[in-house]
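Working notes for the structure below.
The values are calculated or read from the model by the stated rules, or taken from the named source; none is laboratory data. As the structure is a computational prediction, the values presented were derived from the model and not from experiment. Using ideal geometry, Cβ is built from the backbone for each residue, glycine included, and neighbour counts are taken over all protein chains shown.
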């Protein structure tokens, strides 16, 4: 079958392109008139949207931060829900999940730059491993309240998802945990600068 008409190939391309949509950048520009790519950590994620917008409009910052988390998660979830409704295999769904996270972290619309992948990772995990994801989300909420460091709280929450999924759904119905490990690796890799700042005691807290 010709590559461009292969349904799996088109599904994968759609997952990457939708994952690449930089909602944080668009929301901050449209509603607050700021460019998060040139301020703060220069990330398009919710934490940087919150910090950058807070400097000029504190009342709007939390709303845009929350909207960024929601939309970044939904772009992962909706791709997979559509894939499920069209009867794609578990393997194809996991491949699309990896590509959606890659799209967010290395967006084709931003010259292969992007965010840290936490919200989009949450979005794909909630569709594919819902109970471990809820455990991870609860872990993240607790850590965020105690530590008040977004990056570390997110990584601890992600680790909780992975560990829970291994115990509850080892093999992910495809005989291997590889796609989940790939997603976790991408997110951890994007957080290397944050981890270095934490070690140095320079990572900013979210207040």
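For residue 122, the criteria (1) more than 16 Å from residue 186 (Cβ to Cβ); (2) at pLDDT 90 or above; (3) under 17 Å from the mean Cα position of the chain (by Cα); (4) surrounded by 16 or more Cβ atoms within 10 Å (Cβ to Cβ) hold in every case but one, which is (1). Scanning the stretch 29-40 for residues that are under 16 Å from residue 106 (Cα atoms) and not in a helix (DSSP H, G or I) yields no hits at all. Across the stretch 45-79, the number of residues qualifying as out of contact with any helix residue (DSSP H, G or I) (no Cβ under 9 Å at 6 or more places or on another chain) and closer than 12 Å to residue 123 by Cβ comes to 0.
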